[in-house]
Structure formats: structure tokens, C-alpha cells
1. Might you check whether a residue that is acidic (Asp, Glu) and crowded, with 16+ Cβ neighbours inside 10 Å occurs anywhere in segment 34-51?
2. Is at least one residue of segment 95-106 surrounded by 14 or more Cβ atoms within 10 Å (Cβ to Cβ), without any contact (Cβ under 8 Å) to a residue 40 or more places away in the chain and of a type in the set (Asp, Glu)?
3. Just the residues that are touching an Asp or Glu at 6+ places or on another chain (Cβ under 8 Å) and in a helix (DSSP H, G or I), please, taken from segment 119-155.
4. Out of all the residues in segment 187-199, is one or more of a type in the set (A, V, I, L, M), surrounded by 15 or more Cβ atoms within 10 Å (Cβ to Cβ) and not in a loop (DSSP other than H, G, I, E, B)?
5. Could you tell me which of the residues 198, 190, 143 is acidic (Asp, Glu) and either free of Cβ contacts under 8 Å to residues at least 24 places away in the same chain or farther than 26 Å from residue 42 by Cβ (or both)?
6. Restricting attention to segment 127-152, which residues are over 16 Å from the mean Cα position of the chain (by Cα) and either under 25 Å from residue 57 (Cα atoms) or loosely packed, with under 15 Cβ neighbours inside 10 Å (or both)?
Amino acid sequence: MSQGQLCLVLHAHLPYVRHPEYDSFFEENWLFEAMTECYIPLLGVLNRLQHERVRYRLTLSLSPTLITMWRDELLQQRYLRYLHNLIELSDKEIRRTRHDRAHQALARLYRRYYQHTLTLYREQYACDLLNAFLSHQKMGQLELLTTAATHGFLPLLSASETAVRNQIDVGIDTFNQHVGFVPKGFWLPECGYYPGLERFFKRCWHRILFHR
């Protein structure tokens, strides 16, 4: 029996939720919650694998909207405020449950978690999660990919070749601009494919590699 191969591919995307016209905007919490509960913990796993010298191979696709938000100074500062607010809330909950040992233990656990996340983000990662993932890419065990500009479902957009072309071009160009190299692969949003889609990728990669 021939041996098969397993390729682990994680996909990270969020819609663009930056709203500087408001002091606080609810949808920005989507980004902050994902950073706290998904992206920073994933970096923690990669850091432990590196520290323990575990050989692994992992692919992670990052959407252009997510990359752009990670690198945005306003959202970086708002995320710090978000964490400080959670730490303050945890302190209040610890005081509220001072006569309830079981629930106070949970409140203390969350305060430690948020304080640890704040330290990692501000001091170890310098508020730049993209650069943190890039450090693992440079070690050769993590491969970063990109996806369509706004994560548009390409078969649905196929009625307009311009829309499909722009989704792909902007996705790859944004990745190249922030990361510094052209990705070797591309995550199709919702795994959506239709015959002829490959010609847009061929044209885009040819444009970048041979006409820069």
C-alpha cells in the first residue's frame, strides 16, 4: 500500500473592521478576541515547539485584511486598551467574588491570562503579530500563504473577470508588500474553484516575478 501525505493548513481571516471615526467600535472586538484567543495562543504553541526543538511543518494563510489590521497603529493601540480593560474587569470581579472562592479562582485565572497576553503582545512581539509569525517562517518550519483581497468567493464573482483579477492581484500584492516575498501558494476563499480560475494566478505570478 502506498503511503499518503498529510498537509496541515490553517487559515486566518477577518473582515476589515477598522473604524477611526468612533472612539470605540463593537466590531473591532472581533479582531481583538481572535488575537487574544487564537492568534497569540497559536504563536505560543509555535514558540514552545521551537524551544523544545520539535520538528514540525505547518502552513498558515493570512488574509490581506487581517495582515493590514495587524499592522495598523490605531488598532494596535486599541488592542492594548482592550487588554487593559479586561484586566481592570478581572480586578473588579476578584473583589466582587471575595467571599466566593470557586468563582474568585476563575477570575484570578483570567486576570493572569490577560496580563500574560498583554506582556507577550507589548514586549515580546512589539505589537506586531505578523513579524512574530514571520520569525517562524524564517526558521523554515512555518510557511505563510495569502488569499483573496477581501476573501471574496471567487466562483460567485466570476461574472466579472475584473473583480476576480483584482481579488487575486491585491491579495498577492498586499502580502508581498507587508511580508517581503511572493507567497508560493494561495488559499481559495471557502475553497471555491471554477474552471479557468488558474489562468488569473498564472498571469499574476508572471507579472510579479518577471515584470517588477
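1. Within segment 34-51 (the criterion being acidic (Asp, Glu) and crowded, with 16+ Cβ neighbours inside 10 Å), the answer is no, since none of the residues qualifies.
2. No, the conditions are met nowhere in segment 95-106.
3. Selection gives 137 alone.
4. For segment 187-199, residues of a type in the set (A, V, I, L, M), surrounded by 15 or more Cβ atoms within 10 Å (Cβ to Cβ) and not in a loop (DSSP other than H, G, I, E, B): absent.
5. 198
6. 138, 139, 140, 141
Each reported figure results from applying straightforward, stated rules to the coordinates on display, with no laboratory input. Quick caveat, the model's predicted, so the values are computed rather than measured. Here Cβ is always computed from backbone atoms with ideal geometry, including for glycine, and neighbour counts include all displayed protein chains.
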